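What follows is a set of notes on a single structure, which appears directly below.
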Amino acid sequence: MRKPGSKKGPLKGSGGRGRKALEGRGPTPKAENRPYHPAAKRKAAADRREQGRPRPQAKARAQGADHVAGRNAVLEALKAGVPAQRLEIAHGIDSDERVREATKLAAAAGVALAQVSKYELDQRTGGANHQGVALKVTPYHYKTPADLLRLAEEAAQPALIVALDHVTDPHNLGAILRSAAAFGAHGVVIPQRRSAQMGATAWKVSAGAAARVPVAHAPNLARTLDEYKQAGLFVVGLDADAAADAADIEIATGPVALVVGSEGKGLSRLIRQTCDLTVSIPMRGGTESLNAAVAGGIVLYEVAKQRRPR
């Protein structure tokens with residue numbers, strides 16, 4: 001068409017190209033498939049849990065797992081003889097008595113000294129308040145559950161092995177190692193996942209016992225306990241609801257694997273079913289339970305008392 005009074009020719013059309021602009025983009029994606037939707041974030045978190053992968057934030061925090069950060073903490077770790085690879089000090093920090101003493105202790109122990117930037121320390125310690133000082137801890141070399149059996153055989157004594165059912169506090173792990181050394185245990189078994197691991201805290205709390213009592217990793221604790229039973233060990237679980245008294249473990253003179261449960265829930269259902277016997281510690285009214293390390297130490301003492309020559 002031509003507008004009235006216009007000298008121009010017919011109006012040009014789009015040649016059909018404008019129709020594409022009217023076409024839709026298809027159905028709206030599901031909420032879980034839209035990256036920034038809360039439902040998509042929940043689905044991604046569920047997938048990570050199923051595959052055993054850490055969250056991005058957890059990955060950042062894990063970077064400091066092999067470092068002791070802070071002037072007091074570093075000094076205490078060096079005094080306790082925690083195995084370390086390197087003492088790291090930030091450039092330009094105000095040196096005080098703690099830093100000078102830590103440097104002397106590191107030199108005496110053969111620990112390397114390195115000067116780094118504050119940014120590097122932030123990254124290596126996972127953003128902890130390092131005060132310009134950090135200690136890189138030597139990675140722990142774990143044994144296998146079978147190694148602990150061999151150590152017991154070489155000692156020519158009935159095996160005494162402590163198994164921890166997802167004890168997550170490294171202070172408890174270190175304290176149990178100390179009790180295990182005091183009462184003659186041949187080793188401690190911990191799960192590879194969802195359990196406290198041998199880091200600086202466990203080393204420090206063990207007060208040197210970690211150097212004498214080996215720790216083994218168990219990919220599957222229930223299966224490891226079954227293997228111990230096949231090897232002739234009697235598996236005893238520490239359970240607050242058990243009827244048997246820990247002081248009356250008559251089988252303690254033979255090979256024993258003592259299982260200590262987690263701080264909050266105690267023994268898991270599968271581990272409780274795997275045990276040959278569960279025992280409890282009698283307590284007066286008003287006290288519901290004991291700390292995992294304290295309870296483990298008491299039962300280890302009872303086992304050692306049963307094994308004492310009469």
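The values are calculated or read from the model by the stated rules, or taken from the named source; none is laboratory data. Since the model is a prediction, treat every value here as computed from it, not as a measurement. Don't worry about glycine lacking a Cβ; one is built from the backbone with ideal geometry, like all the others, and counts go over all protein chains shown.
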Between a residue in region 211-235 that is over 11 Å from Pro145 (Cα atoms) and any residue that is of a type in the set (D, E, K, R), which pairs come within a Cβ distance under 6 Å, given they are 6 or more apart or on different chains?
Phe234/Asp276; Val235/Lys229; Val235/Asp276
Out of Leu258, Leu290, Leu238, Leu267, report the one residue that is of a type outside the set (Lys, Arg) and over 12 Å from Asp165 (Cα atoms).
Leu290
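Do we have any residue at all in region 258-268 that's over 27 Å from the mean Cα position of the chain (by Cα) and of a type in the set (Ser, Thr, Tyr)?
Among the residues of region 258-268, not one is over 27 Å from the mean Cα position of the chain (by Cα) and of a type in the set (Ser, Thr, Tyr), which makes the answer no.
State yes or no: is Arg61 among the basic types (Lys, Arg), at pLDDT below 75 and in a helix (DSSP H, G or I)? Please lay out each step first, then the result.
Values: among the basic types (Lys, Arg): yes; at pLDDT below 75: yes; in a helix (DSSP H, G or I): yes.
The answer is yes for Arg61.
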Going by the conditions given, is Arg100 assigned to a strand (DSSP E or B) and either without any contact (Cβ under 8 Å) to a residue 60 or more places away in the chain or of a type outside the set (Asp, Glu) (or both)?
no
Strands (runs of 3 or more DSSP E) enclosed by region 128-206 - at least 2 residues per element that are closer than 24 Å to Ser262 by Cβ:
160-164, 187-191
In region 247-278, the residues that are polar (S, T, N, Q), in contact (Cβ under 8 Å) with a residue 60 or more places away in the chain and part of a strand (DSSP E or B)
Ser262
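Condition check ((1) buried (at least 19 other Cβ atoms within 10 Å of the Cβ); (2) at pLDDT 90 or above; (3) not in a helix (DSSP H, G or I)) across all residues:
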position: Asn72; (1), (2), (3): no, no, no
position: Leu75; (1), (2), (3): yes, no, no
position: Leu78; (1), (2), (3): yes, no, no
position: Val82; (1), (2), (3): yes, no, yes
position: Leu87; (1), (2), (3): yes, yes, yes
position: Ser95; (1), (2), (3): no, no, yes
